[in-house]
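Notes for the one structure printed next.
The values are calculated or read from the model by the stated rules, or taken from the named source; none is laboratory data. Being a predicted model, the structure only gives us computed values, none of them experimental. Cβ placement follows ideal geometry from the backbone for every residue including glycine, while neighbour counts extend to all protein chains displayed. These area figures cover heavy atoms from the full protein model, side chains too; ligands, DNA and RNA do not enter into them. Shrake-Rupley method; radii C 1.70, N 1.55, O 1.52, S 1.80 Å.
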2 protein chains.
Amino acid sequence: MKNITILGAGLVGSLLATLLARRGNRVQVIEKRPDLRVKSWHDGRSINLAMSERGWQAMRLVGVEEAVKQFAIPMHGRMIHDPHGKLAFQPYGDEGQCIYSVSRSLLNQTLITEAARHGVQFLFEHKCTAIDLQTNVLEIEAPIQPPPKGEERPHPSPPQGEGEKSPLLRRGLGEAGGPDLLFGSDGAFSSVRLAMMKRPRFDYSQDYIDHGYKELTIPATPGGDWAIEPNALHIWPRGHFMLIALPNPDKTFTCTLFFPWSGSPSFDEIQTPAQLTDFFAKTFPDILPLMPNLADEYFRNPTSALLTVRCYPWTYQDKAALIGDAAHAIVPFFGQGMNCGFEDCTVLDGIIGQHPEGDWQAILRAYEQARKPNADAIAELALQNFVEMRDKVADPKFLLRKKIDAHLFHQHPDRWVPLYTLISFTATPYAEALAIGKRQDAILDTIMALPDIENCWETMDYEPYISGQRSEVRGQNV
Amino acid sequence: MKNITILGAGLVGSLLATLLARRGNRVQVIEKRPDLRVKSWHDGRSINLAMSERGWQAMRLVGVEEAVKQFAIPMHGRMIHDPHGKLAFQPYGDEGQCIYSVSRSLLNQTLITEAARHGVQFLFEHKCTAIDLQTNVLEIEAPIQPPPKGEERPHPSPPQGEGEKSPLLRRGLGEAGGPDLLFGSDGAFSSVRLAMMKRPRFDYSQDYIDHGYKELTIPATPGGDWAIEPNALHIWPRGHFMLIALPNPDKTFTCTLFFPWSGSPSFDEIQTPAQLTDFFAKTFPDILPLMPNLADEYFRNPTSALLTVRCYPWTYQDKAALIGDAAHAIVPFFGQGMNCGFEDCTVLDGIIGQHPEGDWQAILRAYEQARKPNADAIAELALQNFVEMRDKVADPKFLLRKKIDAHLFHQHPDRWVPLYTLISFTATPYAEALAIGKRQDAILDTIMALPDIENCWETMDYEPYISGQRSEVRGQNV
């Protein structure tokens, strides 16, 4: 049994807490925000997320699949809105294959509740202010206000009063009373990662894209119904930018505008309600009437940045490890950020199972080696998919290509599986999926260049193009 | 007139101080190490460096060329030592073209002395402990010990005594008494850059290579002479690793072993004096007898890491800027780290000259836009040149290629200039040089693939291969 401290009670941290507790460890989670079960977080993170197969695998592993299904809304495909308001539906996969819109808050609450049920101790409103991996010391600022009633009090009551300093807890990693092992599931701006950066030979990069995002809402209709089709992920592709919408259980939609920071058009350029309305009327004419609070929301809500974080190593001896966004923040355009973080947890859990001797140095090394190439692959795919979503989905040539892709899958499921299917509906390791996708893309390039392909694609013989191909789909990779 | 604070009195910081003081600004330099004119720095940085044309341009600009020439040792080419101790000399350029081995310490002293002569105030043994660009506050820890006699004391004498805390100076950027403008010339692990990283949308990467380095010495002969040819840069290329040696004015050579951290052979593998001697006897037989203190030095001296740092932006409003390694640390294999940092200064000085109105926002923006593509280019070239130095220079095919490269230069100097010449003997912007180098490389690939090229290269007609080429060498780029 290990004393394990997890920094961050977000989606990945809470899931990880349950898995580690179930393996017989004493687990404590430190979270600077309040208890989500009591008080909601307004931290600028997205309202809802797309859950696909890798996410569901993790939910099944901890037994919350049915609980999460209660508030998950199936989305069977993309609903493309053209500049004239004309709709076109592009299914994600076969009949019954879909991704799900889930509320970040409800999902996180479910995972915290499950972890607490397994004896995990949560310290909310505790902020980690310093981590020194070399001297093995964590500094944690306890709240000045007493924690919510009923919450465990692991340290003496701090003195009350305005202007008083928060008490500092110091815990040695591996020391008596301190954790043996620290997990950083503290997101894209991880402080555990910052501590690792101070160690020699830590590779690191953070790369921002030229687009930011802003969340907006489509409320339910006055009659209390969905204003647009609920079982789809809506996209308004506009070349260099796009708007998307995902359904919520209260029959609203959360829209996200992915938009350049500067240039024309851009966040910089739109400064007044009149400019905003004018821009929406011209660019998204069908949605403007559905957003009565557009200007209020647009000028009140934050504009957030989008970045890719890559680093290595992810672990430090047998003492610390990064997981989820802390190890590999990615842009959201393949809907895989959460799914990838959850897969980190299921893979790690599998590796722990393969090391009954409890050699954590070996466990952590195997974990980072298993996950790093896959994290790099999904980072690359997520960046690529932005171009697909905002631009290509509106192109008839691209739609034909997608149809041929699906056609080959139906004709030869043992030899051809579309990339989107590999990523969203299987657990084929991302790096393998990326390689298969590139191979298939080259073949599709050749096929698309055939004369008269528009007319012959349903009847032609694809054998010469796909001979030698084999699809190696994995239901599970752990 | 601006109040300008420069963090770091290294080579770039001291040069920059002179240039900014000469433009009429009040300049203060904060340096955590002691006054180099009084006490030497043992900070693990290389003992000597290769100065080439871009470096000399900067020296001429501040009028210290002659002073630096006093201790600069010309190196006319590479002296290749094969595994049997056989020598081969490869000239860098034409007759008279050479790079120079200069002592980091003497050069830095020269630049500090020059800056002090222009009224620059140096605060040695002052450590910057916090920088907040948004709130514009610098925190500087003053020394507990009083600074050396004769040094200016800009703040009240701190209390003396063991265990007492160093006094903290707080200076607001742009506030009365604080600097208007902050330059970070504080190296690869810059704290100004760290402050910029906390700002939104700052792109950053640090990438370590798999090799570390260790410095060793070839002493002068018992008769007081150079042990090997002084006017060359010596290389012992060994495929995946190499040893190099540069001459010093005291007739010693500083050798640097660039060697993998792990694997075979590697720093990890060599753990005892016997293993070390055995390895050197097998690998560098000609140098072993010249290094009587090899084992002492090898096991006493640190092994240092090598990294590339890339980031952007380099500036913050009209308030702060990165320069030199702080903006773009590169690996040392093109001998351009210092030269590039000096060129940053000459280019910035030129831009300041073009803005007599003193619009620092415009100056800093123009500076980062001018330098960023060139810093990226030399970073790439430096990484590539490691393979050339440690491996290719020992390959007869490569030597023939170099001869053809030089031959084309002599035949058509208006249309063909070797990449090494562009980088080391001109001020052609690095990014242009990189592009020209790639173009010429493709042509050389074609030429090298010609049948019987070994025998016909001196007499053949190159016109069909180089038609349309033009060399655009710049003597100066500012």
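Per-structure values
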| quantity | calculated |
| --- | --- |
| Which numbered condition A:G223 misses (of (1) under 20 Å from A:P332 (Cα atoms); (2) over 17 Å from the mean Cα position of the chain (by Cα); (3) small (G, A, S)) | (1) |
| Residue ID - nearest to the other protein chains (Cβ to nearest Cβ), chosen from residues in the stretch B:264-273 that are open to solvent by 50 Å² or more (accessible area, probe 1.4 Å) and not in a helix (DSSP H, G or I) | B:D268 |
| Unique match (being under 30 Å from B:G24 (Cβ atoms), within 14 Å of another protein chain (Cβ to nearest Cβ), open to solvent by 10 Å² or more (accessible area, probe 1.4 Å) and small (G, A, S)) among B:S185, B:S191 | B:S191 |
| Search result, residues across the stretch B:301-316 that are facing chain A (nearest Cβ under 9 Å) and surrounded by 18 or more Cβ atoms within 10 Å (Cβ to Cβ) | B:L307, B:R310 |
| Those helices (runs of 4 or more DSSP H) lying entirely in the stretch A:274-391 with at least 1 residues under 13 Å from the mean Cα position of the chain (by Cα) and at pLDDT 95 or above | A:325-328, A:337-353, A:360-390 |
| Candidates A:P237, A:P265 - the one that is in contact with a Ser or Thr (Cβ under 9 Å, 6 or more places away or on another chain) and farther than 17 Å from B:P200 by Cα | A:P265 |
| Check on B:R371, open to solvent by less than 40 Å² (accessible area, probe 1.4 Å), at negative phi and of a type in the set (K, R) | yes |
| Some residue of the stretch A:257-269 being in contact with a Leu (Cβ under 6 Å, 6 or more places away or on another chain) and in contact (Cβ under 8 Å) with a residue 40 or more places away in the chain | yes |
| Checklist (1) open to solvent by less than 40 Å² (accessible area, probe 1.4 Å); (2) in contact (Cβ under 8 Å) with a residue 24 or more places away in the chain applied to A:P292, failing item | (1) |
| Complete set of residues in the stretch A:199-230 that are in a loop (DSSP other than H, G, I, E, B), in contact (Cβ under 8 Å) with a residue 12 or more places away in the chain, within 14 Å of another protein chain (Cβ to nearest Cβ) and among the charged types (D, E, K, R) | A:R199 |
| Selection count, the stretch B:87-123, where residues are part of a loop (DSSP other than H, G, I, E, B), modelled with pLDDT of 95 or more and on the phi < 0 side of the Ramachandran plot | 3 |
| Condition check for A:V417: assigned to a helix (DSSP H, G or I) and of a type in the set (A, V, I, L, M) | no |
| Residue pairs meeting the criteria (Cβ under 7 Å; at least 6 apart or on separate chains; first part of a strand (DSSP E or B), in the stretch B:235-256; second modelled with pLDDT under 95 and among the acidic types (D, E)) | B:P237/B:D391 |
| Residues of the stretch B:380-422 satisfying the condition of being of a type in the set (G, A, S) and open to solvent by 20 Å² or more (accessible area, probe 1.4 Å) | B:A394, B:A406 |
| Close pairs (6 angstrom Cβ cut-off, 6 or more residues apart or separate chains): more than 18 Å from B:L182 (Cβ to Cβ) in the stretch B:343-362, not in a helix (DSSP H, G or I) anywhere | B:T346/B:V478; B:V347/B:V478; B:G350/B:V478 |
| Some residue of the stretch A:187-194 being over 23 Å from A:A379 (Cα atoms) and not aliphatic (A, V, I, L, M) | no |
| Verdict on A:F425 being of a type in the set (F, W, Y), open to solvent by 30 Å² or more (accessible area, probe 1.4 Å) and modelled with pLDDT of 90 or more | yes |
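Yes/no matrix, rows are residues, columns are (1) open to solvent by 10 Å² or more (accessible area, probe 1.4 Å); (2) without any contact (Cβ under 8 Å) to a residue 60 or more places away in the chain; (3) farther than 12 Å from B:L111 by Cβ; (4) outside any strand (DSSP E or B):
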| site | (1), (2), (3), (4) |
| --- | --- |
| B:L15 | no, no, no, yes |
| B:G44 | yes, no, yes, yes |
| B:L49 | yes, no, yes, no |
| B:Q57 | yes, no, yes, yes |
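For every residue, the table says whether it meets (1) open to solvent by 30 Å² or more (accessible area, probe 1.4 Å); (2) of a type outside the set (A, V, I, L, M, F, W, C).
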{"site": "A:P91", "(1), (2)": "yes, yes"}
{"site": "A:T113", "(1), (2)": "yes, yes"}
{"site": "A:A116", "(1), (2)": "yes, no"}
{"site": "A:F124", "(1), (2)": "no, no"}
{"site": "A:D132", "(1), (2)": "yes, yes"}
